[in-house]
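**Student:** Submitted below is the structure of interest, expressed as structure tokens.
Nothing in this text is a laboratory measurement; each read-out follows from the coordinates by a stated rule. Because the structure is a prediction, the values reported are computed rather than measured. Note: ideal-geometry Cβ built from the backbone for every residue, glycine included; neighbour counts use all protein chains shown.
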Amino acid sequence: MTRESRTPVLEVRDLRIYYETPKGDVHAVDGISFVLYQGETLGLVGESGCGKSTAAMGILQLITPPGRIVSGQVLMDGVDLLKLDERTLRQMRWSRLALVPQGAMNSLNPTMRVHQQIEDVIRQHQTKTKTFDRSQLKPRILELLSWVGLPERVYDMYPHELSGGMKQRVCIAMAVALHPGVIIADESTSALDVVVQRVVAQTLLRVKADLGVSMIMIGHDMGLMAQMVDRIVVMYAGRIVEIATVEHAFRNPAHPYSQVLIDSVPTISERKPLKITEGITHDPRNPPHGCIFQLRCPFVMERCRREAPQRREIRPGQEVACHLYEQQPDGSYRDVRDTA
Ligand code: SF4
């Protein structure tokens, strides 16, 4: 598919989400914009607290006080989700836009059997075009369980009778129950051991391929991201610093923060000291003027303290917000470190 022929399914524009504290607002998500295309898997990465999960909750309009969506747009089928009333939103969640939550342990109801919980999602969120009558419910739930690789007996089980990986797969079955167009998987493999992590990741990929849905995967595991996503969105302190195809993100990351992130992934072939990001993040209630990464950037320049860098496409498939890349008269970009 050429870049021009890609169809956007979800567009986030200048989204800002703040949390109120007695000492001022924490800028958890501070003006992020990106597009998710039809059939694409987008990986949202960055250190803990960078705003990845808050952004996901914002897209789904599940932010609760003291958090609030300050401004922005979340467009799906040309409709701004932030302007919808709660009833319409409820119908869109699960049927158009579904979540595989972080930590299945906390999201499944321990007092309800698996089939009752999936049934609940179907009944509460089915729409005129996606309706199941009573007689169709059991076969549909069994089909969903088999789709995610779970045996029939899980239908009647309680969450405590399942392993962590099985619970996570029940959450995936719930997320796809009404065949949504977009799935957001929020750190859905992070609390699992590596073998189970692979099984859950493969389940997500298979379900995605079978249904042709688009997916946003949020996580820390760069190895898993490399195998699963088409493009990577790198977030730092509530802002997007780079968006790149997975090839660019791993072979030639452009932003100094992305470079450290990739260099911190251990490899067997090359034993090298793992890089860490020196310094500490700024006070999130008081972001610095200019570049958001300036306090930790080894390449910081005077201009970085004066002017916030805009995100620009420095080569096809790679956008970065950093003053290190200067546009040349022929339109290409040059890394100023190359001549230093
Ligand atoms: Fe570093 Fe400046 Fe680039 Fe920010 S704009 S990442 S401080 S070089």
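**Student:** Helix 114-125 versus the longest principal axis of the chain: what angle, 0 to 90°, nearest 10, using Cα atoms?
**Tutor:** So the inclination is approximately 70 degrees.
**Student:** Near residue 202, within a Cβ-to-Cβ distance under 13 Å, what is the net charge of the other residues, with Lys and Arg +1 and Asp and Glu -1?
**Tutor:** Working: positive: 169, 198, 206, 208; negative: 210.
Net local charge, residue 202 excluded: +3.
**Student:** With every atom except the alpha carbons ignored, what do you get for Rg and Dmax of region 54-109, in angstroms?
**Tutor:** So, for region 54-109, Rg and Dmax equal 12.1, 35 Å respectively.
**Student:** For q values of 0.22 Å⁻¹, compute log₁₀ I(q)/I(0) with the Debye formula on a Cα-only model of region 5-148, without solvent.
**Tutor:** Values, matching the q order: -1.44.
**Student:** Still on this model: Looking at the chain, identify the longest residue range that excludes and avoids all trypsin sites (Lys or Arg not before Pro) in DSSP loops having at most 10 other Cβ atoms within 10 Å.
**Tutor:** On the way: sites that count: 23, 128, 271.
Here the longest segment lacking exposed loop sites spans 129-270.
**Student:** Quick one: in the chain, what % of C-alpha pairs are over 26 Å apart?
**Tutor:** Numbers: 29861 of 57630 pairs.
I get 52 percent for the Cα pairs in the chain exceeding 26 Å.
**Student:** Here is a further query. Which Cys residues of the chain have no other Cys Cβ less than 4.7 Å away and so no disulfide-compatible partner by this rule?
**Tutor:** If one checks each Cβ against the other cysteines of the chain, 50, 171, 297, 322 turn up with nothing under 4.7 Å.
**Student:** May I pose another question? Estimate the FRET efficiency between residue 286 and residue 327 by the formula 1/(1 + (r/R0)^6), using the beta-carbon distance for r and 30 Å for R0, to the nearest 0.05. Could you put the intermediate results ahead of the total?
**Tutor:** Numbers: r = 31 Å, r/R0 = 1.04.
Approximately 0.45, to the nearest 0.05.
**Student:** Give me the distance in nm between label points sitting 7 Å out from Cα along the Cα-to-Cβ direction at residue 48 and residue 313, one decimal.
**Tutor:** Output for this residue pair reads 3.7 nm.
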